[in-house]
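Shown next, in structure tokens, is the structure this report addresses.
No lab work stands behind these numbers, since they all come straight from the coordinates. Predicted, not measured: the structure shown is a model, and the values here were computed from it. Quick reminder, even Gly has a Cβ in these numbers, built from the backbone with ideal geometry, and neighbours come from all protein chains shown.
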Amino acid sequence: MGNIATKLASKPAEFKSLFLGQFPEQQLKAGNTEKYYQTVMDFDFIYLKINHDKFGVEALIRDYLLIEDIEILDNLADDEKLATEQIKTLKLIQQTLELSAHVVNQDRHQLVSQLWGRLQSFENSDIQKILADAAASKSEIPRLRPLTASLTTPGGNLLRTLTGHNYSVRAVAITPDGKKAVSGSYDNTLKVWDLDTGKELSTLIGHNYSVLAVAITPDGKKAVSGSDDETLKVWDLDTGKELSTFIAESSMYCCAVSPDGLTVVAGDTSGRVHFLRLEGGNIQ
């Protein structure tokens, strides 16, 4: 165990929860940027927060995003601000956790393998210390540690991976504000995702066969989906409820919503293009 793990081992559960949940933000707001940096760059802290029932990887990622909080940054004196190299290092850890979130959320024992597989090519003493501490940490189950940077490294085009569908994803659309995505799958469902956290917000259930097309209204409040079950459905993205259904005569392979949000255009496998009126969630 490292220093943080040793100190917390004898503390009550409430203290551990408060420390893991609040300590980094408290230190940064107080201008103790070096203490903040040391804490979030400590493998013990990373491991304990991810494995705590109350937190997890997304809560840990938010600790690194604190360095982008304008309110906090504006209150820091010049001599309290993090050095450029420290900020770059924190961003690498944040991006690594975002890339690894879909794996670690399913199996927290994969944390060490994910860190080693993505970070070992970086010649940064602080990152190498995290990796060394991770390698030295004890595990209740056997684990594999990559000998080379065999996984996608941070700083590239891939930002994160969203998992949840049981079969192939056929269609994806993003809300106009860029905050949510809606995906349609061969598992007959649509899923709504938070693009900031990567979390699944809801699953839209109602189609009887594969979802082949997705479109989102200009206000970002509704989604239209086309399916192999020969229907178009309109969904409320806030509640996840199905609002209305248009029954066609063949599979609905594509759809789009007009810029004014009043018309849905959809194509089917028979070669026809349907123009439908969309009023208050009703499709006609």
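Relative contact order, whole percent, for the range 169-283 stands at 18, derived from Cα pairs under 8 Å and 6 or more residues apart.
Placing R0 at 22 angstrom, the Cβ-Cβ distance between SER202 and GLU71 gives a FRET efficiency of 0.10 after rounding to 0.05. The label point for LYS11 and the one for GLU25, both projected 7 Å from the Cα toward the Cβ, are 1.6 nm apart. All other residues whose Cβ lies under 15 angstrom from that of GLY271 are scored, Lys and Arg at +1 and Asp and Glu at -1, for a net of -2. With a cut-off of 15 Å between beta carbons, the residues surrounding GLY240 carry a summed charge of +2, where Lys and Arg count +1 and Asp and Glu -1.
Once you order the gyration tensor axes a ≥ b ≥ c over the Cα atoms, which shape class does the range 3-136 get: rounded for a/c under 1.5, otherwise prolate or oblate by comparing a/b with b/c? Oblate, because a/c is 1.5 or more while a/b does not exceed b/c. Largest GNM mean-square fluctuation across GLY156, GLY21, GLY240, computed for the chain with C-alpha springs under 10 Å, falls on GLY156. Spin-label model, TYR209 to GLN38: label points 7 Å out along the Cα-to-beta-carbon direction sit 6.4 nm apart. Counting 0.36 nm for each residue step from ALA149 to ARG62 and taking away their Cα separation leaves a gain of 28.8 nm. Here the Karplus relation 6.51 cos²θ - 1.76 cosθ + 1.60, evaluated at θ = phi - 60°, turns the backbone of the range 195-200 into coupling constants of 6, 6, 9, x, 7, 7 Hz, with x for every Gly and Pro. Grab the other residues whose beta carbon is less than 12 angstrom from that of ILE50, score K and R as +1, D and E as -1, and report the net. Net of charged neighbours comes to -2. Across the range 183-193, coupling constants 3J(HN,Hα) worked out from phi with the 6.51/-1.76/1.60 Karplus curve, θ = phi - 60°, read 10, x, 9, 5, 7, 6, 10, 10, 10, 9, 10 Hz, and Gly and Pro carry x. Match the structure shown to one of the listed values [x] 1.00; [y] 1.08; [z] 0.97 of Rg/Rh (Cα atoms, Kirkwood Rh), computed from it, and give that label. Label of the calculated value: [y]. Bridgeable lysines around LYS191 (alpha carbons under 30 Å apart, same-chain partners fewer than 8 residues away excluded): LYS49, LYS54, LYS91, LYS179, LYS180, LYS199, LYS221, LYS222, LYS233, LYS241. In a fully extended conformation the segment linking THR84 and SER250 would gain 54.0 nm over its present Cα-Cα distance, using 0.36 nm per residue. Multiplying the residue separation of ALA132 and THR269 by 0.36 nm and removing their Cα-Cα distance gives an extension gain of 43.6 nm.
Database remark: amide H of SER202 closer than 5 angstrom to the amide H of VAL192 (H placed geometrically; neighbours at sequence offset of 5 or more, or on other chains; Pro and chain starts carry no H). Name the residues of the range 99-133 whose amide N is less than 20 Å from a point 7 angstrom out from the Cα of VAL172 along the C-beta direction? The answer is 99-106. Structural descriptor for the chain: relative contact order 9 percent, calculated from alpha carbon pairs under 8 angstrom and at least 6 residues apart. Considering only LEU262, TYR37, PRO146, the residue lying farthest towards the positive end of the dipole of the chain is PRO146, judged by Cα position with unit charges set on Cβ.
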